[in-house]
Amino acid sequence: MVGYLLLDAWIGNTDRHDENWGWIVKADQPKRLAPTFDHSSSLGRNESDERRVLRLKAKHPQHSVEGYALRALSGMHGPDGKKMHTIDAFMRAAELRPAAARVWRERLDALTPSLWETELSRVPEDWITPVCQGVRDRHTRCSAQEASLAIGWTMTTVYLAWRDPGRRWFPVGRLTRDDSGRYQFVYTHGAAEAHEQAGFAPLVSFPDWQETYESGELFPLFANRLLSERRPEFPLFQDWLNLPRDQKDPLVLLARSNGIRETDTFQVFAHPVPDDEGRYHVHCFIHGLRHRDPDAINRAESLVIGEPLWIEPDPENPADALAIKTLTVDERPQHIGFLPRYLTSDVRRIGIDQVHASVERVNPRPTPAQFRVLVRLLAAWPPGFQPYSDPSFAPLSKQAGAHPEA
């Protein structure tokens, strides 16, 4: 059944109702699921070519092919009795049967572009228009990426960074969660550096530099950086972060959103771990977009999901000599912003030319600028590579020990 739902998420099948799946029952044999059938309501079949063209050209994410794909409704219903989106139905199945979900996800990942093109070439040319082919290709690429990312959302460690008046960033704390759900906060050596160099003082909630703080609930300093699930705009917030509706893990939300509040100078970010294929695979929002010129902002807002980006050093940057800027892959590239400061050291260690950047999501105005363009970074995980290996990330407290994921 998990495979059924992955297929539905991939092709946007909206017709998986009670009569569109079944069992094969034979005497003296275990019953088994029948091969999947009746997929005619998929890949925007009911759309006209005129509407498909509008989706292919749309600049607003909700009107694009990708927005259409992610809004596909399954024939399955959630606990509230409402139809689930196809990707959410697969997510729910993956939670219940994680091993099966990973097997099916690996099969989807094994379907390389060349294999997919071979299969598609079997469709007679007079059965599908070029416009429909364009929609099909973008639809399946987007859905496959979402299904791939839907599995394995586990987050156990985030860092807290502080920005001094001179706009330098220091990693000052580490928050972890163990298997029992208990949280632990410790200061890092970056806090001592920030204290010496910029006057950083211990936080009211954590007054002792050397203490290891523990709690069965998320500490208020972090909990107050999350939008309440009870707020009507919470689903929109999840959309901005490109997270499925049932993803409410506070550490995932903090890591993806950076826990930014306009009232202070702190930021939260995740500790990267290898993905299921052993790769360096992180998401981040482009920084500094609000400070770019109107042409660059307009170009950023016209980006589409999956569009590649260039990243390159910016040694002349007066605020940060290690800055890495992001540019569009155009004949005349537009500089649209920067990678977050907390990633630049590791990206340089991996090799800027080895890290592939692409657009994950573009949120239209009036989305706050810090949530406007979400980027995906992907690279091979180098042998022996340890993220954030700089001493400033190490805990001050001897009780905390080494990083739990190292």
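All of the numbers you see were taken from the coordinates with simple rules; none came from a lab. On a predicted model such as this, the values are computed, not experimentally measured, just so you know. Cβ: placed from backbone, ideal geometry, glycine included. Neighbour counts: every protein chain shown.
Values as computed for the structure displayed
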{"quantity": "Check: segment 277-387 dipole with +1 on Lys, Arg Cβ and -1 on Asp, Glu Cβ, in debye", "calculated": "340 debye"}
{"quantity": "Rg/Rh for segment 4-124, where both radii come from Cα atoms and Rh is the Kirkwood radius", "calculated": "1.01"}
{"quantity": "Structure-based [θ]222 nm, the chain - -39500 (n - 2.57) summed over DSSP H runs of at least 4, per residue, nearest 500", "calculated": "-9000 deg cm²/dmol"}
{"quantity": "Solution diffusion estimate, µm²/s, Stokes-Einstein, the chain, Kirkwood Rh from C-alpha pairs, 4 °C, viscosity 1.567 mPa s", "calculated": "56 µm²/s"}
{"quantity": "Amide proton proximity set for G259, modelled H, under 5 Å, gap of 5+", "calculated": "V268"}
{"quantity": "Whole-Hz ³J(HN,Hα) from phi, Karplus 6.51 cos²θ - 1.76 cosθ + 1.60, for segment 121-132, glycine and proline x", "calculated": "5, 6, 7, x, 4, 7, 8, 9, 7, x, 4, 5"}
{"quantity": "Centroid-to-centroid separation of segment 20-51 and segment 168-201 [C-alpha atoms, Å]", "calculated": "52 Å"}
{"quantity": "Under 14 Å from K325, Cα to Cα: aspartates and glutamates that are on another chain or at least 8 residues apart", "calculated": "E312, D314, E316, D353"}
{"quantity": "Cα-Cα pairs of segment 210-249 separated by more than 14 Å (percent)", "calculated": "56 percent"}
{"quantity": "Efficiency of FRET between N317 and E196 - r from beta-carbon atoms, R0 25 angstrom, step 0.05", "calculated": "0.55"}
{"quantity": "Kirkwood Rh, angstrom, segment 134-271 [1 / mean 1/r, Cα pairs]", "calculated": "16.7 Å"}
{"quantity": "Charge tally in the Cβ shell below 11 Å around R16, where Lys, Arg are +1 and Asp, Glu are -1, R16 excluded", "calculated": "-4"}
{"quantity": "On Cα atoms only, tilt of 2-11 relative to the major axis of the chain in degrees", "calculated": "90 degrees"}
{"quantity": "Label point distance in nm, E307-E50, each placed 7 Å from Cα along Cα→Cβ", "calculated": "2.7 nm"}
{"quantity": "Packing-based ranking, highest mean first, of 350-358, 327-335 given that Cβ atoms within 10 Å are counted", "calculated": "350-358, 327-335"}
{"quantity": "Spatial separation of Cα centroids for segment 287-336 and segment 220-258, in angstrom", "calculated": "26 Å"}
{"quantity": "Reciprocal mean inverse distance between Cα atoms of segment 277-387 - Kirkwood radius, Å", "calculated": "14.3 Å"}
{"quantity": "Distant-in-sequence amide H partners of V355 (H built 1.01 Å from N, under 5 Å)", "calculated": "none"}
{"quantity": "Segment 262-339 shape via C-alpha gyration tensor axes, a/c threshold 1.5", "calculated": "oblate"}
